[in-house]
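Below is one structure, written out as structure tokens; comments come after it.
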Amino acid sequence: MNKICFLALILLASCQDTPYQQGKRLYTANCANCHMDDGSGLSKMIPALSTSTLTYSPEFVCLLYTGKNDTIFEGSSFLVKEMPSFKQLSSTEVTNIINYVNHSFLKEFKEKTILETTNDLKNCVK
């Protein structure tokens, strides 16, 4: 009887809302501090992922891989916008982050494949 309960518990645990558990863990560890747990960002300082139109694009893959340093002039002051690079992540990990973000925050969800991410990474400026 205990074996049956254990198997049932394992099956229930595998039926979670988010099929992208590695993506969720990587997002929480690398992205949520700035982009927030819900992808809402921080006003003008850090863009919201929950309303982004770039999260499936090759540009988003490159942004994750290479990061970004940008200074913009707003009002009478300069704002430094910086996103770290995540070159240490594999194409599988980048794909899982993208799929987690898209699945969790966007109404229209289209899964990105590892092959698509790998091809996008080949075109990134290194």
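The values are calculated or read from the model by the stated rules, or taken from the named source; none is laboratory data. Please read all numbers here as calculations on a predicted model, not as lab measurements. All Cβ positions, even for glycine, are placed from backbone atoms using ideal geometry, and neighbour counts span all protein chains on display.
Just the residues that are loosely packed, with under 12 Cβ neighbours inside 10 Å and at pLDDT below 90, please, taken from the range 19-58.
Hits for the range 19-58 are LEU42, SER43, LYS44, MET45, THR53.
Can you find even one residue in the range 93-113 that is more than 11 Å from the chain's Cα centre (by Cα), surrounded by 18 or more Cβ atoms within 10 Å (Cβ to Cβ) and of a type in the set (D, E, K, R)?
For the range 93-113, residues more than 11 Å from the chain's Cα centre (by Cα), surrounded by 18 or more Cβ atoms within 10 Å (Cβ to Cβ) and of a type in the set (D, E, K, R): present.
Any idea which of (1) over 16 Å from TYR27 (Cα atoms); (2) of a type in the set (A, V, I, L, M, F, W, C); (3) part of a loop (DSSP other than H, G, I, E, B) is the one LEU115 doesn't satisfy?
Of the numbered conditions (1) over 16 Å from TYR27 (Cα atoms); (2) of a type in the set (A, V, I, L, M, F, W, C); (3) part of a loop (DSSP other than H, G, I, E, B), the odd one out for LEU115 is (3).
Picking from PHE86, PHE73, PHE109, which residue would you name as being part of a loop (DSSP other than H, G, I, E, B) and at pLDDT below 85?
Only one candidate passes the filter, namely PHE109.
Look through the range 53-69, keep the residues that are hydroxyl-bearing (Ser, Thr, Tyr) and assigned to a helix (DSSP H, G or I), and return whichever of them is nearest to ILE98 (Cα to Cα).
Filtering first and then ranking leaves TYR65.
I'd like the full set of residues that are among the aliphatic types (A, V, I, L, M) and farther than 16 Å from SER57 by Cα, limited to the range 81-113.
Here is the first cut: in the range 81-113, the residues among the aliphatic types (A, V, I, L, M) are 83, 89, 94, 97-98, 101, 106.
If the condition is that a residue be among the aliphatic types (A, V, I, L, M) and farther than 16 Å from SER57 by Cα, then MET83, LEU89 are the ones that fit.
Being of a type in the set (D, E, K, R) and within 14 Å of LEU26 (Cβ to Cβ) is the requirement here; does GLU93 meet it?
yes
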